[in-house]
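Notes follow the structure.
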Amino acid sequence: MGEQEQESVELEAGEVMEEQPTTDDQSDYSSWPPAIRFDIPPHKTYHFSRHFRASSNPNNFLKGVKWSPDGSCFLTSSDDNTLSLFTLPDYDNCTDENSCSSAAIEDSFPASLALTEGEAIYDYCWYPYMSASDPVSCVFATTTRDHPIHLWDTSTGQLRCTYRAYDAMDEITAAFSIGFNPTGTKIFAGYNKSIRIFDIHRPGRDFQQHSTIQGNKEGQSGIISSIAFSPSHTGMLATGSYSQTTAIHREDNMELLYVLHGQEGGVTHVQFSKDGNYLYTGGRKDPYILCWDIRNTVEIVYKLYRSTESTNQRIQFDTEPYGRYLGTGGQDGLVHMYDLQTGQWVSSFQAASDTVSGFSFHPFLPMAATSSGHRRFVGLDESDEELSLTLRDDENCASVWGFSVYSAEDYAANTSLGDSNGQLDQENS
């Protein structure tokens, strides 16, 4: 690993931010990104299923999907320990309603990259300033069972470097969750009752370790299963645990600020609102996403329903670019949309015939990606090959959806669209 460690990651947040795409040419709307219409069902723009059935494991299924920060591609994780990268062919045609006419027969286009890890993939995340115009920044991190944290180069498919943590027996211990801090200089990794922090410019075994349990046994116990940072530069991060708790910490010294109780299952996903004032948490076999006001954590603000009562899978949710609406998958194959100002259900659409485990909004276009699938058990008189042939095209698949947007006139008339959680702020003031 000597050469890989010396190569390191020369990522400077300020330099990469200058490479981010501009939107000065988007003059069709009074504001960019355009405001999505959820009263009109989205149309399927791209579809991928054959790629995931070429695996040696006919029982393969998808576990999640995440857009890159620059929106040029998305990354999927599947049960065959493979991460697949799909690059959008042309932004101009992304919202073409007829571009997916043959999706039910063949994949819309092949994956540009497929990386196979040695063991089950626990978590993965993009470098926050990733930009396709700067190959140095095109990396993502993964953590897998019994392996160190890997940093992969999406341009070459090569391993850029590794970050290794060791236990008391001096054996490598795997992180259960990972996340880059907002400046992109550190990787925060969740372990059992602890968080380790790696400097991305120093690959190897150098890290800072912070226990999530305080001396008096108070704090957050269990495996740290998810990590999210506040986007409002308040210096806070949230950690979810399989002990059914969510904790809020200061990023600079990992001081514990709050511990939130209320999830019925182990917390598998945490995400801040765009303004950083609210936190959304979801748990395993828990049918509700909980909304917390981190300025007043005495009680839950509201609950958002999703169908997850009988699945052990992680079910992802995401907020659209303006931060007013949240979309979530479920085991019923539906994607539900909720208004975060009121906590009310807005609409839903059928994304697959099986469990929708992953949902991710595009960072600035009116699009979203979904991933679906669950483990199927072969009967005594059924072979693996027969199981693979019985799958429908909208099962164990990934899809990209295009949404309708408001016209410039309608958008100007509805000025409240850009106000994230505005009504809740007024009610709580």
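Key figures for this structure:
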| read-out | value |
| --- | --- |
| Test: residue in segment 364-376 that is surrounded by fewer than 16 Cβ atoms within 10 Å (Cβ to Cβ) and either at pLDDT 95 or above or not in a loop (DSSP other than H, G, I, E, B) (or both) | no |
| Among the residues listed as D92, D107, D123, the single one being surrounded by 13 or more Cβ atoms within 10 Å (Cβ to Cβ) and at pLDDT below 95 | D107 |
| Residue tally, condition touching a residue at least 60 places away in the same chain (Cβ under 8 Å) and open to solvent by 20 Å² or more (accessible area, probe 1.4 Å), over segment 129-153 | 6 |
| Those strands (runs of 3 or more DSSP E) lying entirely in segment 198-292 with at least 2 residues in contact with an Asp or Glu (Cβ under 9 Å, 6 or more places away or on another chain) | 224-229, 236-241, 256-261, 267-272, 278-283 |
| Hey, V301 closer than 23 Å to T76 by Cα and either touching a strand residue (DSSP E or B) at 6+ places or on another chain (Cβ under 9 Å) or among the β-branched types (V, I, T) (or both) or not | no |
| Verdict on T246 being out of contact with any Leu (no Cβ under 6 Å at 6 or more places or on another chain) and either open to solvent by 30 Å² or more (accessible area, probe 1.4 Å) or under 20 Å from Y122 (Cβ atoms) (or both) | no |
| Which numbered condition I197 misses (of (1) out of contact with any strand residue (DSSP E or B) (no Cβ under 7 Å at 6 or more places or on another chain); (2) of a type in the set (A, V, I, L, M, F, W, C); (3) over 28 Å from S72 (Cα atoms)) | (1) |
| Some residue of segment 136-159 being among the aromatic types (F, W, Y) and either assigned to a loop (DSSP other than H, G, I, E, B) or over 30 Å from T234 (Cα atoms) (or both) | no |
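Every residue, every condition in (1) acidic (D, E); (2) surrounded by fewer than 17 Cβ atoms within 10 Å (Cβ to Cβ); (3) over 15 Å from the mean Cα position of the chain (by Cα), yes or no:
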| residue | (1), (2), (3) |
| --- | --- |
| G266 | no, no, yes |
| K274 | no, no, no |
| K285 | no, yes, yes |
| D293 | yes, no, yes |
| T308 | no, no, yes |
| N312 | no, yes, yes |
| T319 | no, no, no |
| T342 | no, yes, yes |
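Conditions (1) hydrophobic (A, V, I, L, M, F, W, C); (2) open to solvent by 10 Å² or more (accessible area, probe 1.4 Å); (3) farther than 23 Å from G71 by Cα; (4) touching a residue at least 40 places away in the same chain (Cβ under 8 Å), marked per residue:
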| site | (1), (2), (3), (4) |
| --- | --- |
| D167 | no, yes, yes, no |
| I195 | yes, no, yes, yes |
| Q208 | no, yes, yes, no |
| K217 | no, yes, yes, no |
| T239 | no, no, yes, yes |
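The values are calculated or read from the model by the stated rules, or taken from the named source; none is laboratory data. Because the structure is a prediction, the values reported are computed rather than measured. FYI the Cβ positions are ideal-geometry reconstructions off the backbone, even for glycines, and counts take in every protein chain you see. Side chains included, ligands, DNA and RNA excluded: accessible areas come from the protein's heavy atoms. Shrake-Rupley method; radii C 1.70, N 1.55, O 1.52, S 1.80 Å.
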